[in-house]
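Q: Dropping a structure here in C-alpha cells format, bear with me for questions.
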Amino acid sequence: MHRRFLVSLLCAAFVFAATIGASPAVSDDDALFGFTNASSPAERDWESKFKAIPDPAILRDTMQRLSAHPHHVGSPYDKQNAEWILAQFKSWGLNAQIETFDVLFPTPKERVLELMAPTKFTAKLQEPPVAGDPTSNQQSEQLPTYNAYSIDGDVTAPLVYVNYGLPKDYEELDRHGISVKGAIVIARYGNSWRGIKPKVAAEHGAIGCIIYSDPKDDGYTQDDVFPAGPMRNENGVQRGSVLDMPTYPGDPLTPGVGAKGNVKRLAIKDAPTITKIPVLPISYGDAQPLLKALTGPMAPESFRGGLPIPYHLGPGPAKVHLKLQFNWDIKPVYDVVFKIPGSESPDQWIVRGNHHDGWVNGAEDPISGQIALLEEARALSILLKEGWKPKRTIIYCAWDGEEPMLLGSTEWAEYHAEELKQHAAIYINTDGNGRGYLGVEGSHSLEKFVNSVARDINDPEKNISVWKRGKAGRLVHGSAEEKKDARSRPDLRIGALGSGSDYTAFIDHLGISSLNVGYGGEDEGGIYHSIYDDFYWYTHFADKDFIYGRALSQTVGTMVMRFADADVLPYDFSDFADTIHRYTDEVKKLLKDRQEEVRNRNQDLDDGVYTAISDPRRPTVAPKKEEVPPFLNFAPLDNAQNALDRSAERYTKAAKAFASTTSTEKLQPLNDQLMLAERKLTNAEGLPRRPWYQHLIYAPGFYTGYGAKTLPGVREGIEEKRYAEAEKEIERVSTALKNYAGAVDEAAATLEQAVKK
Ligand SMILES: [Zn+2]
C-alpha cells in the first residue's frame, strides 16, 4: 500500500512536483555534504561506479518473475518470492537470512451483498479475467475482493450515501437531517485512508459499511479504462486493510512487541484495531444499482461522482443485506534481511526497505519498488568486491505483510526496538514506483541531504538533474507559496510522513529519522490493489522501459552510500527549524480561524440566517451553537523555537567550516550525538489515546490515516475541540523541541572542537 494512488489522481502530479525542486549551482569541486574536500573525490568515484550498474533489462525480468503469480501473505508464491529474493542476495555474496513472524491475517470465508428492496440485485464481487492479460486469469490463486480486518457480520438495513465518509461529510448529512444510526453506509474511496471510513461510520451509529471506487476518482472520468487504458474498469475492486492503523499498525494481537514464538497475544475480540462494523469494498459496476435505488435529498455537489445517475443521499428505500465471514488464521510473514558490516562504525546502522508482498500480482505495488531495491543490492555487492568499504553497517530489508497493515516491518522494528533505537541512523523506504518527478517525504533534519542527493541524479527523460526537474514542476504546478519557495529558498521542501508504508514503525514508534522516496506524477492508474495491477498493466501504462526504476535505484543507493560513508552524518537542522516555524504558525492560525468561524456562526444563528435560507421544498437543518474556543498559551512553543533557531544556526556554521578540515578522527561521539537527536522528539507515553505513536512532530492523522498531522497532539486537540489537551500538548512538544535543540547545540560544540583540531 502506499499513498500515491490514494491522493486524488488529479493532484498526483502536483504532489510530486511539489516535493522536490532549485538552488545555487553546485560544482563537482565542492565538498559533498557530510564529507571534507579531501574525502569527497573518493566518494564521488564510488557513487559513479554504483550509478552505472542498475539495468532496466534486469529490472524488467525481475518484475516479471516476482509478479508472475499472486503473492499475498500466506500464499505459496509469497514464500517462494521470499526464498528467491534470499537466493539472489546470497548469490551476490551478501549475508542474508529470512526472519519469520506469526501474525493474525484474516481471509474471506463468505461474502454476500444483496439489494433486498425496492428491487433485487446480487453483487458479483468478482474481477473477471481480461483477454490479452496473461495473469488476470489466475483465479484459484487470487484473494477474493475484501477489506482485511473487517469484523464478521450479518446485517440488513436501509442504505445511506456518505460521500468519502469523513467527519465533515457527516456534518453535511446533519444539515440535511440525515442520520446513519442503524443504517448501512456506502462511501466512495479516496480523500482519506480507507480505514477511516468504517471507523467514522461506526462512530455515527452505522451497522455496516460498503466502500466503492467511483469512476470520477480513478475510472473513466480520468482516462480510458483497463485494458484499453490505465484506469479502473467497472469490475475493478480496491482490496485493502481497514485495521485502525492510526491507533497502532502491525499485528493487531501483539501491539508494541514482535509477534514471534510464545509472545503473549490478545484475544481477537479484545484487539482494539479490528473494525467495529463489517466492511466490504466493491466495484462501481456493483455499486451503481445500489446508489441508483436511493431516493431522499439530492446529494450536494461535492458528493456527486462520475456515474450517469442522480446521486441521492437516502436513507432507503434501498435496503441491503451484507454478510461477511472470515478465516481468522495466524500466518507467517517472511522478512528477507541482509547486513553489510561497517568497517569503521559498525554500531551505526543505515536501514533500507521495501515490501515484497502484494494484494494480488502487485506489479506496481510493491514490485516496482522491490526491483529497485534488488538492483541496489546487486550493485552494492559489486562495489564490495571492487574494494568499497562502507564505514557504517548497511541493513537491507525486503518486508512481507505490508499490505494487511505493515506487519513485517512493524513486527521486525518492535522485536529489534532496543538495538534500533541505539544504532539506527536512518531508515529509507520505497514502495510502488512510477514515472516523472522525484517525491520525498521524511524527517526535515534530512531535507538538505535529500536535496544534495537529488542534484546528483539524472532525470532519464530530460537529462537534467531530478532536482532541477522537480524545481521546474513546482514553479509551474505549485501553490503560490510553493512557487515563491522554489524561487527563493535554496532547498526544495520535502513533505511530512503520515503513514501508508513501512517507514511507520521506524519514525513514529522508534523516532528514527526516515525517508520515503519514489517517482511519479506522469502516470495515472486505476488498478491499485486489484488483479489488474500486473506485469501487463505495468509494461503498457507505467514506467514501461524501467528507466525510472533505474533512477530510483540510483537515488536510494546513493542515499545509502552517502549515509554509510560520510565523515559527519549529513543531518542539518536549519531546514528543520524553518519547518517547525511553519507548523507553529499553522496551529496558531488554526485556532484563530476556529474562533472566528464559531463566533460568526453563532452570530448567524442569533440573526436567523439559517432559517432564512432553508428552502421549504428542500429544507436544511441549522447547525448547533457552540462555545467559542478559548485562547491557548503558545509561548512555550515560541521559546522552544527560539532555542532551536539558535542551535541550528550554530550547527550549520560549524558544518560549513568542516569541509576544509583535514583530520576526521574522533568524529564517533559527534555521529552518535547526531544519530540520537531525532529520538529527543519522541515521548515514551506517546500521543493522547494512542501510546504506540511516540513522535511528537509527525503522525498519521487520527481521521486522515495516510495524511500527516504535524505537531499532532496540538493540531488534533484543536481540531477535535479538546482545548485543555491541546495546551498540555504544547508543553510536551515544547519540552521535546528544547531537548532536541540542546542535543543540536552539543553536536555543534563537538563539531567546533573537531574543526579546530
Ligand atoms: Zn505497497
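Q: Please list, or write none, the lysines whose alpha carbon is within less than 19 Å of the alpha carbon of Lys292, excluding same-chain residues fewer than 8 places away.
A: Lys120, Lys124, Lys216, Lys319
Q: Something else now. Modelled label-to-label distance, Lys589 and Lys653, 7 Å Cα→beta-carbon offset: nm?
A: With each label point 7 Å from Cα toward Cβ, the separation is 3.1 nm.
Q: Let me ask something else. From zero up to wherever the largest Cα-Cα distance of the chain sits, split into 20 Å bins and tell me the percent of pairs in each.
A: Over the chain, the share of Cα pairs per 20 Å bin runs 17, 51, 28, 4, 0 percent.
Q: Right, something else. Would you calculate the separation in nanometres between label points at Lys462 and Thr156, each defined as 7 Å from the Cα along the Cα-to-beta-carbon direction?
A: Calculated label separation equals 5.9 nm.
Q: Amide H neighbours of Ala96 under 5 Å, counting only residues 5+ apart in sequence or on other chains, H built in-plane at 1.01 Å?
A: none
Q: What length, rounded to one decimal in nm, is gained on full extension from Met116 through to Lys264, with 0.36 nm per residue of separation minus their alpha-carbon distance?
A: Net length gain for the segment: 48.9 nm.
Q: I need to check one value: relative contact order of the stretch 183-234, counting alpha carbon pairs closer than 8 Å and at least 6 residues apart, in percent. Can you show the working numbers first?
A: Working: 65 pairs, mean separation 16.3, N = 52.
Here the relative contact order equals 31 percent.
Q: Also: Could you tell me the number of lysine pairs in the stretch 501-648 with C-alpha atoms less than 30 Å from each other, where the two lysines are 8 or more residues apart or belong to different chains?
A: Lysine pairs meeting both conditions in the stretch 501-648 amount to 6.
Q: Once neighbouring chains are kept in place and the probe is 1.4 Å, which whole percent of the accessible area of the chain is contributed by carbon and sulfur?
A: Working: 13790 of 26980 Å².
It is 51 percent, rounded to a whole number.
Q: Relative contact order of the stretch 495-601, please, whole-number percent, based on alpha carbon pairs below 8 angstrom and at least 6 residues apart.
A: So the answer I get is 14 percent.
Q: Could you list the residues of the stretch 437-459 with an amide nitrogen less than 16 Å from a label point located 7 Å from the Cα of Asp30 in the Cα-to-C-beta direction?
A: Label zone hits: 447-457.
Q: Using only the heavy atoms of the protein chains and a 1.4 Å probe, how would Ser443, Ser614 rank by accessible area, largest first?
A: Numbers: Ser443 0, Ser614 30 Å².
Per-residue accessible area, sorted high to low, gives Ser614, Ser443.
Q: Is it possible to state the helix-based mean residue ellipticity at 222 nm for the chain, with each DSSP H run of 4+ residues giving -39500 (n - 2.57), the sum divided by total residues, to the nearest 500 deg cm²/dmol? What is it?
A: -11500 deg cm²/dmol
Q: Compute the separation of the alpha-carbon centres of the stretch 213-239 and the stretch 637-670 and state it in Å as a whole number.
A: Cα centroid to Cα centroid, the span is 51 Å.
Q: Something else about it: List, in the order given, every pair from Lys666/Lys738; Lys168/Lys269; Lys109/Lys276 whose Cα-Cα distance in the structure shown is over 21 Å.
A: Over 21 Å Cα-Cα: Lys666/Lys738; Lys168/Lys269.
Q: For labels at Ser179 and Arg646 in the simple 7 Å Cα→Cβ model, what's the distance in nm?
A: Label-label distance for Ser179 and Arg646, simple model: 5.7 nm.
Q: Same structure, new question: Before anything else, pin down the relative contact order of the chain: Cα pairs under 8 Å, at least 6 apart, normalised by residue count, whole percent.
A: 20 percent
Q: Counting heavy atoms of the protein chains only and a 1.4 Å probe, report the per residue accessible area for the chain as a whole number of Å². Could the numbers behind the result be given before it?
A: Numbers: 26980 Å² over 757 residues.
Counting only protein heavy atoms, the per-residue value for the chain is 36 Å².
Q: With +1 on each Lys and Arg Cβ and -1 on each Asp and Glu Cβ, how big is the dipole of the stretch 651-723 about its Cα centre, in debye rounded to the nearest 20?
A: Details: 11 positive and 7 negative charges, 34 e Å.
Approximately 160 debye in magnitude.
Q: Any lysines with Cα under 17 Å of the Lys483 Cα? List them, leaving off those in the same chain fewer than 8 positions away.
A: Lys468, Lys471
Q: Given the C-alpha centroids of the stretch 466-500 and the stretch 672-688, what is the distance between them in whole angstrom?
A: Here the two parts' Cα centres lie 27 Å apart.
Q: Compute the distance from the alpha-carbon center of the stretch 89-130 to that of the stretch 698-757, in whole Å.
A: Here the answer is 38 Å between Cα centres.
Q: Short version: ³J(HN,Hα) in whole Hz for each residue of the stretch 654-660, in order, from phi by Karplus 6.51 cos²θ - 1.76 cosθ + 1.60 (θ = phi - 60°), x for Gly and Pro, what are they?
A: 3J(HN,Hα) across the stretch 654-660, in whole Hz: 5, 5, 5, 5, 5, 3, 8.
Q: Quick one: Karplus J couplings for the stretch 179-185, per residue in order, coefficients 6.51, -1.76, 1.60, θ = phi - 60°, nearest Hz, x for Gly and Pro?
A: Coupling constants for the stretch 179-185: 10, 9, 4, x, 9, 9, 9 Hz.
The values are calculated or read from the model by the stated rules, or taken from the named source; none is laboratory data. This is a predicted model, so every value here is computed, not measured. For neighbour counting, all protein chains shown are included, and Cβ atoms are generated from backbone atoms with ideal geometry for every residue, glycine included. Calculation scope for accessible area: heavy atoms of the full protein, side chains included, ligands and nucleic acids excluded. Shrake-Rupley method; radii C 1.70, N 1.55, O 1.52, S 1.80 Å.
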